[in-house]
Amino acid sequence: MKHFSLSGVAVDPAQLRTALQHPDSGGFCAFEGWVRNSNEGREVDGLEYEAYAELALAEGERIVDEAIARYGVIAAHCMHRIGHLKVGELAVWIGVSSAHRDEAFRACRYIIDEIKHRLPIWKKEHYLDGDTAWVACAHTHGAHEPMQPARDRAPG
């Protein structure tokens with residue numbers, strides 16, 4: 001079973017979750033990233049995601065496999081949307097099932113952090129004033145460094 005997917009259409013998180021249910025699982029953790037209506041003081045109408053699909057699928061699969069091995073979880077999957085999305089739509093979904101909750105939480109966090117850093121997926125924001133801009137397009141490749149909680153990071 002593949003652990004990472006791209007989708008050009010809306011998906012049902014309940015179906016993704018059901019695929020991860022396992023009798024040995026005692027814990028499940030999910031992360032959903034949604035399109036929000038503002039960014040850095042600008043009102044956002046929607047987003048457009050573009051991906052180098054072949055590389056994104058391979059790297060996404062590697063990331064989820066790393067999380068499974070590192071945290072000893074039973075099953076995990078990440079789905080990232082591509083194409084045009086409106087405010088409120090699901091942009092990324094991650095689910096992890098494990099024997100215990102700690103491994104599920106840690107694997108889920110690892111997957112979203114690595115996806116943000118390593119995947120060749122680019123985001124263009126569409127603003128209510130008609131302007132557009134590519135944002136958050138810097139990707140790094142290398143060793144995973146845990147992110148600091150937002151309250152501990154310097155602004156900007």
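Residues in region 42-51 include at least one that is closer than 12 Å to Lys123 by Cα and of a type in the set (Ser, Thr, Tyr). Taking first residues from region 65-83 that are surrounded by 13 or more Cβ atoms within 10 Å (Cβ to Cβ) and partners that are charged (D, E, K, R) and not in a helix (DSSP H, G or I), the Cβ contacts under 9 Å between residues at least 6 apart in sequence or on separate chains come to Ile74/Asp24; His77/Lys2; Arg81/Glu89; Ile82/Glu48; Ile82/Glu50; Gly83/Glu48; Gly83/Glu50. The set of residues in region 80-103 being in contact with a helix residue (DSSP H, G or I) (Cβ under 6 Å, 6 or more places away or on another chain) and not β-branched (Val, Ile, Thr) consists of Trp93, Gly95, Ser98, Glu103. Hey, does region 35-49 have a residue that's of a type in the set (S, T, N, Q), out of contact with any Asp or Glu (no Cβ under 9 Å at 6 or more places or on another chain), assigned to a helix (DSSP H, G or I) and modelled with pLDDT of 95 or more? Looking through region 35-49, none of the residues is of a type in the set (S, T, N, Q), out of contact with any Asp or Glu (no Cβ under 9 Å at 6 or more places or on another chain), assigned to a helix (DSSP H, G or I) and modelled with pLDDT of 95 or more.
With respect to the numbered conditions (1) surrounded by 13 or more Cβ atoms within 10 Å (Cβ to Cβ); (2) at pLDDT 95 or above, which one is the sole condition not fulfilled by His144? Exception for His144: condition (2). Where residues in region 10-60 are without any contact (Cβ under 8 Å) to a residue 24 or more places away in the chain and under 22 Å from Val135 (Cα atoms), which of them is nearest to the chain's Cα centre (by Cα)? Looking at the filtered set, the residue picked out is Glu54. Reported count of residues in region 85-138, each being without any contact (Cβ under 8 Å) to a residue 40 or more places away in the chain, under 17 Å from the mean Cα position of the chain (by Cα) and surrounded by fewer than 15 Cβ atoms within 10 Å (Cβ to Cβ), is 3. Quick check on Val92: is it within 18 Å of Ala136 (Cα to Cα) and out of contact with any Cys (no Cβ under 8 Å at 6 or more places or on another chain)? For Val92, the condition - within 18 Å of Ala136 (Cα to Cα) and out of contact with any Cys (no Cβ under 8 Å at 6 or more places or on another chain) - is not met.
The values are calculated or read from the model by the stated rules, or taken from the named source; none is laboratory data. Since the structure is predicted, the reported quantities are computational estimates derived from the model, not experimental observations. Neighbour counts are summed over all protein chains in view; Cβ atoms, including those assigned to glycine, are modelled from backbone coordinates with ideal geometry.
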